[in-house]
Amino acid sequence: MEKEKYRADIDGLRAIAIITVIIFHYGFLPNGYLGVDIFFVISGFLITKIIFSESEKSKFSLKTFYIRRTRRIIPLVTFFSLLTLVVGIFTMLPDDLENLSQSIVATTFFSNNILQLITTGNYYDVVNEFKPLMHTWSLGIEEQFYMVYPLLFLLLKKDKTKYILPVLIAISILSVILFLKSENAAQKFYLLQYRFFELSIGGIGAIIFRRQLLQIKFSFVFVIILLILLIFPINFISSSILLLIVVLFTLLLLISDNNAPISAFMLKNTLFVLVGKISFSLYMWHQVVLAFGRYIFIQEMTIINIIVLSLSILILSIITYLFIETPFRNKDFISVKKLVILLIIISFLNIGASFYIYQKAGVLKDIPELDISKKSAKRNMHAQYNADIYNFNKDFTDSQNIKVLCIGNSYARDWVNVLLESKYKNFIDLSYIYSIKEESTKQRIEKADIVFVTNISKNGIDSLQPDYSKIWCVGTKNFGVSNGIFYNNFSDDFCFQKTRMENRYYKINDSIKFIWKDKYIDIVDKISDSLGKVPVFTPDCKFISQDCRHLTEAGAKYFATLFDHELEKILSISQESNN
């Protein structure tokens, strides 16, 4: 078989994929994430082209295959694991650093997709846009695919290669069925069985059209359709069907020669080809730069910030392409033995340091702003402070204290902590219920002198026929998106920094306030300044919230002081009614 010729149009297709992914992570192009799916199809197409050709000649070697994959992928991934570890140690708060340490280990073993799946349901988990290695989930899927995929060619070699295509088609159909039938969005996104068909369909195309590509004069239409799907919001079809369509048109472009003038101009132009060549470095750098950029110094994504970040990503990508990607692919630059030893040493350093960080709960130094010291560090200590309120999920005692019931989610537990940190702690008998659907809710509401609710509409408790005169709704709150940018601000006004809440919280606050009117405890109004900004620190320079939503112990104490007048008024009303 004639040696496969280089196809510039595939690099052009890679350019489209990486550009849309990067723009998506800037917060634009709602469908830009589908660029990753384009990469999957391309990968399956190119790898299968090589493997099938070698299998037909009985020259396929599993060892050679994995050496190629190692040279292609692992040096750059190992470099980024080390880089993010070093930068993270100097810039990240404990929970964020602990999360990064997990990601480094998962990335090293190409299983970050599984870690992302496990942590996706964690309410207190780090927001994805602040995770430097979040994007390596796709490498996890790809490398897991290539752990099993070559075995098919190893089993069906020589005269059995004719069975490879029907087997691939059958597995792909099964994967598509699983993908379409699953109702678990996180599993569909992160697990190989739901993504298998994207890579294998590329492989099917490579086998069927291995000798002759389609000569379609209007293949540029496929490019245009693909761009429309990636750029514009498509609301009339489901995201699953949209993904399948993107996979289909990517395949059509891969099995076409794209030599017609317009197609060639769109996919083979010099700029796109160059971007496509460095697309792996671009992919690895973009999330690292954006995550640390947002974490350390960027609060708003202005045009200037976008330009500076984009130029940084481009320049750094060119550097790693020239000095890491290209040399390590060359067997004359470094032998397999030396490469493996080097990668093992660096990986052990990364993993060892990451395990140490995890063991220390991310606390490598005292963080007075969070009341954390190296000696007293505990994992999830701030989340546990909130969770401890579940201990109050019990009936009232027989004391003569004012009976106060709090109903709701973690924000309700925050309010319980405010009450416990207040000067009225010894005068109230506290009870907590997570949901109004609990059996004892109606009984406890009847017993209570005061009821505080959060995130519950009046319609939600109407069925319990409560006495609304003793019910108060506690408002929502938010302190931005990440504390990292405030922690890394070394200016003189460090303790006086303020931030805007996420926009949705202003809307939520207004809508709930409209319903509850004068029975609404408006936290936003209480803590906001004239510009609508809220404080990040308490007066004694402690973080009000560790995760920008829930109160630290210092935050609860601050709120107890801040809402002292409201609490005194509400408790006084209750005492008067009892008397």
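The values are calculated or read from the model by the stated rules, or taken from the named source; none is laboratory data. The shown structure was predicted, so the numbers you read here are calculated from the model rather than taken from an experiment. Counting neighbours? That spans all protein chains shown, and the Cβs are built from the backbone with ideal geometry, glycine included.
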Task: Residue that is among the basic types (K, R) and under 27 Å from L214 (Cβ atoms), where the choices are R14, R72, R68 - done: R14
TODO: State yes or no: is I38 buried (at least 23 other Cβ atoms within 10 Å of the Cβ) and part of a helix (DSSP H, G or I)?
DONE: yes
Open item on the list: Quick test for you: out of S482, S545, pick the one residue that is in the same structural domain as S431 (by TED's automatic domain parsing), surrounded by 19 or more Cβ atoms within 10 Å (Cβ to Cβ), within 27 Å of the chain's Cα centre (by Cα) and modelled with pLDDT of 95 or more.
Closed with: S545
Task: Residues of the stretch 47-58 that turn out to be of a type outside the set (S, T, Y) and over 13 Å from P150 (Cα atoms), as a count - done: 2
Task: Condition check for I508: within 18 Å of V453 (Cα to Cα) and either among the charged types (D, E, K, R) or surrounded by fewer than 19 Cβ atoms within 10 Å (Cβ to Cβ) (or both) - done: yes
- [ ] Quick one: in the stretch 144-166, of everything that is of a type in the set (V, I, T) and surrounded by 14 or more Cβ atoms within 10 Å (Cβ to Cβ), which residue is farthest from E54 (Cα to Cα)?
- [x] I164
Task: Wholly within the stretch 204-296, helices (runs of 4 or more DSSP H) carrying at least 3 residues that are not aliphatic (A, V, I, L, M) - done: 239-254, 261-267, 270-277, 279-296
Open item on the list: Suppose we keep only residues that are in a helix (DSSP H, G or I) and aliphatic (A, V, I, L, M) within the stretch 77-98. Which one would you say is nearest to K378 (Cα to Cα)?
Closed with: L97
Open item on the list: Could you go through the stretch 419-435 and let me know if any residue there is surrounded by 13 or more Cβ atoms within 10 Å (Cβ to Cβ), basic (K, R) and assigned by TED's automatic domain parsing to the domain that holds G475.
Closed with: no
Open item on the list: Quick check on my filter: what residues within the stretch 330-351 are under 20 Å from S111 (Cβ atoms), of a type outside the set (V, I, T) and surrounded by 12 or more Cβ atoms within 10 Å (Cβ to Cβ)?
Closed with: L343, S347, L349, N350
Task: So I372, is it aliphatic (A, V, I, L, M) and within 16 Å of L100 (Cβ to Cβ) - done: no
Open item on the list: Kindly evaluate L29 against the criterion of being in a loop (DSSP other than H, G, I, E, B), aliphatic (A, V, I, L, M) and surrounded by 20 or more Cβ atoms within 10 Å (Cβ to Cβ).
Closed with: yes
Task: Subset of the stretch 244-265 [buried (at least 16 other Cβ atoms within 10 Å of the Cβ) and either more than 33 Å from the chain's Cα centre (by Cα) or modelled with pLDDT under 95 (or both)] - done: I255, S256, D257, N258, A260, S263, A264
Open item on the list: Test of understanding: among S463, S435, which residue is of a type in the set (S, T, Y), more than 34 Å from the chain's Cα centre (by Cα) and farther than 30 Å from I296 by Cβ?
Closed with: S463
- [ ] Looking only at the stretch 285-325, count how many residues are surrounded by fewer than 17 Cβ atoms within 10 Å (Cβ to Cβ) and charged (D, E, K, R).
- [x] 1
TODO: Filter the stretch 297-321 down to residues that are in contact with a helix residue (DSSP H, G or I) (Cβ under 8 Å, 6 or more places away or on another chain) and in a loop (DSSP other than H, G, I, E, B) and give me whichever is modelled with the lowest pLDDT.
DONE: Q299
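Okay, residues lined up against (1) out of contact with any Phe, Trp or Tyr (no Cβ under 8 Å at 6 or more places or on another chain); (2) acidic (D, E); (3) over 15 Å from R7 (Cβ atoms):
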site: V221; (1), (2), (3): yes, no, yes
site: L229; (1), (2), (3): no, no, yes
site: I237; (1), (2), (3): yes, no, yes
site: L242; (1), (2), (3): yes, no, yes
site: L253; (1), (2), (3): no, no, no
site: A260; (1), (2), (3): no, no, no
Task: Filter pass, I114 being in contact with a Leu (Cβ under 6 Å, 6 or more places away or on another chain) and not in a loop (DSSP other than H, G, I, E, B) - done: no
Open item on the list: Given the condition closer than 29 Å to L13 by Cβ and either without any contact (Cβ under 8 Å) to a residue 12 or more places away in the chain or in the same structural domain as F153 (by TED's automatic domain parsing) (or both), answer yes or no: does some residue in the stretch 93-104 qualify?
Closed with: yes
Task: Options K477, K470; residue that is touching an Asp or Glu at 6+ places or on another chain (Cβ under 7 Å) and not assigned by TED's automatic domain parsing to the domain that holds P132 - done: K470
Task: S111 vs. criteria within 15 Å of the chain's Cα centre (by Cα), polar (S, T, N, Q) and more than 30 Å from Q299 (Cβ to Cβ) - done: yes
- [ ] Under 9 Å between Cβ atoms, at least 6 apart or on separate chains: pull out the pairs that start in the stretch 143-172 with a residue that is at positive phi and outside any helix (DSSP H, G or I) and end on any residue that is at pLDDT below 95 and of a type in the set (G, A, S).
- [x] none
TODO: Kindly check whether there is at least one residue in the stretch 125-147 that is more than 30 Å from W285 (Cβ to Cβ) and modelled with pLDDT under 95.
DONE: no
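Results for (1) more than 29 Å from the chain's Cα centre (by Cα); (2) modelled with pLDDT of 90 or more; (3) of a type in the set (A, V, I, L, M), shown as yes or no for each residue.
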site: Y487; (1), (2), (3): no, yes, no
site: N503; (1), (2), (3): no, no, no
site: V524; (1), (2), (3): no, yes, yes
site: D529; (1), (2), (3): yes, yes, no
site: K533; (1), (2), (3): no, yes, no
site: F537; (1), (2), (3): no, yes, no
